[in-house]
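Please treat every number below as a calculation from the coordinates, not as lab data. Predicted model, so just to flag it, every value in this text is computed and none were measured. A quick note on method: Cβ atoms are made from the backbone with ideal geometry, for glycine too, and the neighbour counts reach across all protein chains shown.
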Amino acid sequence: MTSITTIIEDIAEEMRGVSERGAVADYIPPLACVDPAKFGMAVIEADGQVHTVGDANEAFSIQSVSKIFGFTLALDLLGDDLWQRVRQEPSGSAFNSIVQLESELGIPRNPFINAGAIVVSDVLVSHYGVEGAQQKILDLVRPLVSDKSGITIDRNVALQEKETGFRNAALANYMRNFGNIHNLVPDTLDLYFHQCALTMNCQQLAETGTYLMTGGRNPMTGQAVISPRNARTIMALMMMCGHYDGSGAFAIRVGLPGKSGVGGGILAIAPGIASVAVWSPGLNRHGNSLLGTRALERLVQRTGWSVFNAHHPS
Ligand code: GLN
């Protein structure tokens, strides 16, 4: 069988030849000035083998991929009570959409759209405070990563998110009107913007996903990070909602639970098999990495890792 290293080298080579790379997010300069030619990919296999290619060791803004980590902490805190504040259903709408909040009385459709992630941030601020919750997020991801250098919250990105985040402020204020934001809106948004500003490279991002790959454990220490049930819940929601109104197409093309960010990163999990991170800054019209999606599609074609395969490879 072809090794994973060879497969991802082939994929990187193919992606180098693609001229239509999508548009880089341009709402803040730190994202707008990223080179669209960047491409990196990292695969961590269940046995610990690490495979990387291209710009896999260059740090980038993981943006909404970080919604996984906030949600992990909130689910661990509240369990099923969390579903009184946020639903478990795909939205079929853009990541920053406000329309459904009116008919659904301020309860977002899921934790992976902006409105849902802002509610999740509010839960964390209630329990830990703004600074404490930022630390909790770092404390969740850092122990999963072998080389922790460069895993930071980029204060400049967070500040620029805040200065331009009028729509997120609108979402938070609207939900507060329905009683679904319990803290001061600026405090809840402060955590949300700092979470968006998490920065790491592809290898580190793939390592952070290993607690989902294993069904809840840190494979390096054997310690439980979350319960197996919560790991399944997170991955089910990633499959249904992780790419917003592009989630159905992603499920069909890739067939793995995945979460995208407007920085061009995607984290995808093959349960029991691998944790995969890919980074290509150009986005499709849904705000998901164009080449990142294509690269994952190729990887799954070559490995058979789709969770929908009738005979799942071991
Ligand atoms: N910072 C972005 C926002 O809040 C994150 C969105 C994303 O990555 N899809 O709008």
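Here are some notes:
- Note on the chain: with a GNM built from Cα contacts shorter than 10 Å, the maximum mean-square fluctuation among Ala251, Ala224, Ala295 falls on Ala224.
- Peptide packing: for 33-44, 71-82, the average count of neighbouring Cβ atoms within 10 Å per residue gives the ranking 33-44, 71-82, highest mean first.
- With helices as the sole contributors, the chain gives -13500 deg cm²/dmol at 222 nm; each DSSP H run of n ≥ 4 counts as -39500 (n - 2.57), and the sum is divided by every residue.
- Cα gyration tensor shape of the range 1-78, rounded if a/c is under 1.5, else prolate or oblate by comparing a/b with b/c: oblate
- GNM remark for the chain: springs join alpha carbons under 10 Å apart, and the peak mean-square fluctuation among Gly22, Gly106, Gly263 falls on Gly22.
- Each of Cys196, Cys241 was scored by other Cβ atoms within 10 Å of its Cβ. Listed from fewest to most, they are Cys241, Cys196.
- Under the convention that each Lys and Arg Cβ holds +1 and each Asp and Glu Cβ holds -1, the size of the dipole of the chain around its Cα centre is about 400 debye.
- Prolate/oblate/rounded call for the range 5-48, Cα gyration tensor, a/c under 1.5 rounded: oblate
- Magnitude of the charge dipole for the range 95-203, about its Cα centre and with charges confined to Cβ atoms of Lys, Arg (+1) and Asp, Glu (-1), is about 100 debye.
- In the chain, lysine pairs closer than 18 Å at Cα, eight or more apart or cross-chain: 4
- Most mobile of Leu31, Leu124, Leu296 in a GNM of the chain (Cα contacts under 10 Å): Leu31
- Near the amide H of Val24, within less than 5 Å, lie the amide hydrogens of Leu283, all on another chain or at least 5 residues away, with H placed in the peptide plane.
- In terms of other Cβ atoms within 10 Å, Val65, Val50 run from fewest to most in the order Val50, Val65.
- Sites Trp83 and Asn177 - FRET efficiency at Förster radius 22 Å, r taken between beta-carbons, to 0.05: 0.60
- For the chain, the residue among Ser289, Ala32, Met175 whose Cα projects farthest onto the positive side of the dipole built from Cβ charges is Met175.
- Tensor-based shape of the chain (alpha-carbon gyration tensor, a/c under 1.5 rounded, otherwise prolate or oblate): prolate
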